[in-house]
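Colleague: Below you'll find the structure I mean.
Read-outs: derived from the displayed coordinates by stated rules, not from any lab. This is a predicted model, so every value here is computed, not measured. So basically every Cβ, Gly included, is an ideal-geometry build from the backbone, and we count neighbours across all protein chains shown.
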Amino acid sequence: MKNKMWMVRAGEGANLFNNFKEKNYVAIGWNELGDIGKITSKEELKELIKQKIELYRKPSQISTAAGQLYRFVFEFKKGDFVISYDPNNRIYLVGEILSDYIYDKKIGEYHNYRKVEWKGSINRDKLSPSTRNTLGAISTIFSINENAANEIIKLLRGEVLEDDLDQEDIEDIKEDMESRATELIKDKFSELDWDEMEELVAGILRAMGYETFISERIDRGKDIGASPDGLLLEEPRILIEVKHRKGKMGAEAIRSFLPLLKGGRKGLYISTGGFSKEAKYEAERSTDQITLIDANNLVKLIIQNYDNFDVDTKLLIPLAKIYWPI
């Protein structure tokens with residue numbers, strides 16, 4: 001496919017979808033910036049956003065807005081395809097961009113726009129699972145990959161798609177989304193400082209039904225203790241070491257921890273940077289009961305027990321539940 005295809009969402013809740021359709025255009029907001037057609041770089045656009053939009057203070061907010069605007073003004077080309085979605089009727093409107101960037105206060109609620117010739121519409125239910133997944137991104141503007149774009153054009157022309165999709169395709173999408181979610185949760189706890197990470201681990205254990213305490217050690221580190229009574233008097237008595245760093249923990253770290261488990265204590269050693277092969281071997285051959293938890297296993301514990309987290313622990317790593325159809 002020679003020309004690119006772009007998604008432009010029609011405002012919050014697609015409230016501008018009918019305007020887009022009836023007046024033959026697509027538009028985006030950020031009206032406070034005025035006419036940005038003479039901007040020469042993304043950095044210049046970021047500076048303008050900082051000056052004009054008070055609500056945007058985080059670098060990520062500014063960068064995202066600048067990226068969306070820059071695409072619309074400079075990367076969209078006449079002849080490119082554009083689509084917009086009506087979630088109420090599950091319809092994608094498909095058109096061709098006819099104009100360069102235009103700024104006009106009279107066009108409607110959004111002043112940054114491009115003229116479009118709409119070619120037709122496609123029902124979302126006719127799309128393959130992989131294409132529906134591609135179109136599910138939440139950004140106001142994004143480019144659509146070639147496979148999905150070709151499928152949309154074929155449907156627009158009335159061509160019949162090969163029915164070679166089965167449950168495995170949907171499962172692949174599910175696994176991909178779960179993998180992304182795992183990495184995003186890792187991103188969240190990687191932003192925590194050392195003390196906050198220990199509080200998170202203690203919160204996970206409380207959600208699992210244990211009472212916990214965090215005690216200072218002579219080396220200025222901290223231990224987390226967990227037991228049914230919180231005093232390490234009732235079984236099981238668990239001692240937890242938390243290492244919140246990028247590097248893998250080696251065998252020596254495990255050997256230093258094992259003497260603390262004498263007297264029937266069980267050990268959890270948590271390392272967000274993972275463990276070396278030697279460290280895993282050291283834990284496996286130990287006569288003391290010790291479990292190693294890396295970042296992936298920590299994510300699993302968070303997901304499994306999140307509903308039982310107390311308020312303070314949820315504030316450390318706020319998550320939202322997403323339901324997947326079966």
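Colleague: For the stretch 184-269, run through the GluC sites (Glu not before Pro) and keep only the ones in DSSP coil with at most 16 other Cβ atoms within 10 Å of their Cβ. Walk me through the numbers on the way to the answer.
Modeller: On the way: sites: GLU191, GLU196, GLU198, GLU199, GLU211, GLU216, GLU234, GLU241, GLU252; in loops: GLU191, GLU234.
Counting only loop positions with at most 16 other Cβ atoms within 10 Å, the GluC sites (Glu not before Pro) in the stretch 184-269 are GLU191, GLU234.
Colleague: Give the cross-link partners of LYS314 among the lysines, using a straight C-alpha distance below 18 Å as the criterion and excluding same-chain residues fewer than 8 apart.
Modeller: Those lysines meeting the cut-off are LYS186, LYS188, LYS300.
Colleague: Just to confirm a number: summing +1 for Lys and Arg and -1 for Asp and Glu over residues other than GLY264 whose beta-carbon lies under 10 angstrom from that of GLY264, what do you get?
Modeller: Numbers: positive: ARG237, LYS262, ARG265, LYS266; negative: GLU235, ASP288.
Every neighbour counted, the sum reads +2.
Colleague: Rounded, prolate or oblate: which fits the stretch 190-316, taking a ≥ b ≥ c as square roots of the Cα gyration tensor eigenvalues, rounded meaning a/c under 1.5, else prolate when a/b beats b/c?
Modeller: Taking the square roots of the gyration eigenvalues as a ≥ b ≥ c, the stretch 190-316 is oblate.
Colleague: Please list, in chain and number order, the residues 5+ apart from TYR25 or on another chain whose amide H is under 5 Å from its amide H, with Hs placed from the backbone.
Modeller: Residues meeting the amide H criterion: VAL116.
Colleague: Could you list, in their original order, any pairs among LYS126/LYS154; LYS50/LYS77; LYS23/LYS77; LYS4/LYS58; LYS4/LYS174; LYS2/LYS23 whose Cα atoms are separated by more than 21 Å? Walk me through the numbers before you get to the answer.
Modeller: Numbers: LYS126/LYS154 11 Å; LYS50/LYS77 27 Å; LYS23/LYS77 19 Å; LYS4/LYS58 31 Å; LYS4/LYS174 27 Å; LYS2/LYS23 27 Å.
Table pairs above 21 Å Cα-Cα are LYS50/LYS77; LYS4/LYS58; LYS4/LYS174; LYS2/LYS23.
Colleague: Right, something else. Would you please name the chymotrypsin sites (Phe, Trp or Tyr not before Pro) within the stretch 294-326 that are DSSP coil residues with at most 15 other C-beta atoms within 10 Å of their C-beta? Don't jump to the answer; show the numbers that get you there.
Modeller: Numbers: sites: TYR306, PHE309, TYR323; in loops: PHE309, TYR323.
Filter output for the stretch 294-326: TYR323.
Colleague: Another question about this same structure. Along each of the three principal axes of the Cα atoms of the stretch 5-165, give the extent in whole Å, ordering the values from largest to smallest.
Modeller: That works out to 52, 31, 27 Å along the principal axes.
Colleague: Moving on to the next point. For the chain, give the share of DSSP beta bridges that are antiparallel, in percent and rounded to the nearest 5; count only bridges with both residues there.
Modeller: Numbers: 31 of 45 bridges.
If I count the DSSP bridges inside the chain, around 70 percent turn out antiparallel.
Colleague: Which label belongs to the value computed from this structure, given these candidates for Rg/Rh (Cα atoms, Kirkwood Rh): (i) 1.11; (ii) 0.96; (iii) 0.99?
Modeller: (i)
Colleague: As I understand it, the value is the acute angle between the Cα axis of helix 59-70 and the longest principal axis of the Cα atoms of the chain; what does it come to in degrees, rounded to 10?
Modeller: On a 0 to 90 degree scale, this one is about 20.
Colleague: Could you let me know the centre-to-centre spacing of the stretch 51-111 and the stretch 206-276, using Cα atoms, in angstrom?
Modeller: Rounded to whole Å, the Cα centres lie 51 Å apart.
Colleague: Right, something else. DSSP loop trypsin sites (Lys or Arg not before Pro) in the stretch 73-158 with at most 14 other Cβ atoms within 10 Å of their Cβ, which ones?
Modeller: Within the stretch 73-158, the qualifying trypsin sites (Lys or Arg not before Pro) (loop, at most 14 other Cβ atoms within 10 Å) are LYS77, LYS78, ARG90, LYS105, LYS106, ARG157.
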